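K.L.:
Dumping the structure here so I can ask a few things about it.
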Amino acid sequence: MLLTPIEVRDKGLHYCAGTNDRCSDETKAKQFHAHYGSPALVLANLWFDLTVTDIPGAALEEQDKTEAGFKMFLVAHYFLWTYPKNSFLLASQFGISERYSRGVHIWRWVARIAAMKEDKIKWPSNLDRPESERFIITVDGTDFRMNEMQHPTMPVDRRQFSHKFNHGAVKYEIGISVFDDQCVWISGPHPGGKHDLTIFREGLKAKIRPGKLIIADRGYRTSRDDEAMLCPPDEVDSPALNNFKSRARLRHETFNGRLKRFQCLSETFRHTQEKHRLAFEAVCVITQYQMDNGSPLYEV
């Protein structure tokens, strides 16, 4: 079932209780975004890609390429955007049975969106070319609150503790291309207490080709010669270089901020760590679709 953005908008408003689809196009667009977190164009393109992809875990079965399947696709977006307190609220919003608003019925759609990271969150070959720009990406570790997991013997598991939130958390490492609107790297979940530099050394460091540079914050300061690719703020930087690095870091924070507009990532997460990974990856995919369809980051 292929749908235009207008069809996606109108169906989305029809499915969702409490919306009024007898109003101007501008108001309809605002209503749709308020309920699903993205313009109809974004979800139309994501739905199309899900119906044609052969990516394992993302490809839809024939019975899912239907009106009922599309409705559950939108229910999953509403779930990620609003993160309802319980399944009864979600069920009543869409007029569906409560059993379809929780468990596998929701998470298999979240997992399908997350699986699109294979196509949308990828490392472009131009970042490795010797003739390309020296500064290739910004990197940052970002914390998200979670219900604290029990330690088998201790009352508190300090590894899961985030000093940023003074609360249990998980951390993800995110890499954003400096000169393109592209998320090129995600890693996690890691324990909230794990240092950003440790996470970098375990994965992303090995991907950086000689001569390429990464813009990072002060948490990535290092004296190791084999980590000269890391470029945190430095008092010896020229004003122009300092401004360039600052704008690049703020641009990265803009991407992080877009992720945290989704309530599943801004509120304390009530589900398992594995489901947090699925929610995080799905939101990264959706945010990349947003950047590809009319909502780019600003230029450095």
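K.L.:
With respect to A68, is the statement that it is within 15 Å of K11 (Cα to Cα), open to solvent by 20 Å² or more (accessible area, probe 1.4 Å) and of a type in the set (G, A, S) true? Even if it seems obvious, please write down each step before you answer.
P.N.:
Values: within 15 Å of K11 (Cα to Cα): yes; open to solvent by 20 Å² or more (accessible area, probe 1.4 Å): yes; of a type in the set (G, A, S): yes.
Yes, satisfied.
K.L.:
Need at least 2 residues that are open to solvent by 10 Å² or more (accessible area, probe 1.4 Å) and within 21 Å of L127 (Cβ to Cβ) per element, so show me which helices (runs of 4 or more DSSP H) inside the stretch 167-282 make the cut, counting only ones lying wholly within it.
P.N.:
Numbers: elements: 196-202, 239-259, 263-266.
By residue number, 196-202, 239-259.
K.L.:
Condition first: of a type outside the set (A, V, I, L, M), farther than 14 Å from L3 by Cβ and open to solvent by less than 50 Å² (accessible area, probe 1.4 Å). Now tell me which residues in the stretch 40-63 satisfy that.
P.N.:
T53
K.L.:
Also, quick follow-up: Against the conditions (1) free of Cβ contacts under 8 Å to residues at least 24 places away in the same chain; (2) open to solvent by 60 Å² or more (accessible area, probe 1.4 Å), where does G294 fall short? Just the number, please.
P.N.:
(1)
K.L.:
A29: small (G, A, S), without any contact (Cβ under 8 Å) to a residue 40 or more places away in the chain and touching a His at 6+ places or on another chain (Cβ under 9 Å), yes or no?
P.N.:
Working: small (G, A, S): yes; without any contact (Cβ under 8 Å) to a residue 40 or more places away in the chain: yes; touching a His at 6+ places or on another chain (Cβ under 9 Å): no.
Here the answer is no, as A29 does not meet what is asked.
The values are calculated or read from the model by the stated rules, or taken from the named source; none is laboratory data. As the structure is a prediction and not an experimental result, all values here were calculated from the model. All Cβ positions, even for glycine, are placed from backbone atoms using ideal geometry, and neighbour counts span all protein chains on display. What goes into the accessible areas is simple: the full protein's heavy atoms, side chains included, and nothing from ligands, DNA or RNA. Shrake-Rupley method; radii C 1.70, N 1.55, O 1.52, S 1.80 Å.
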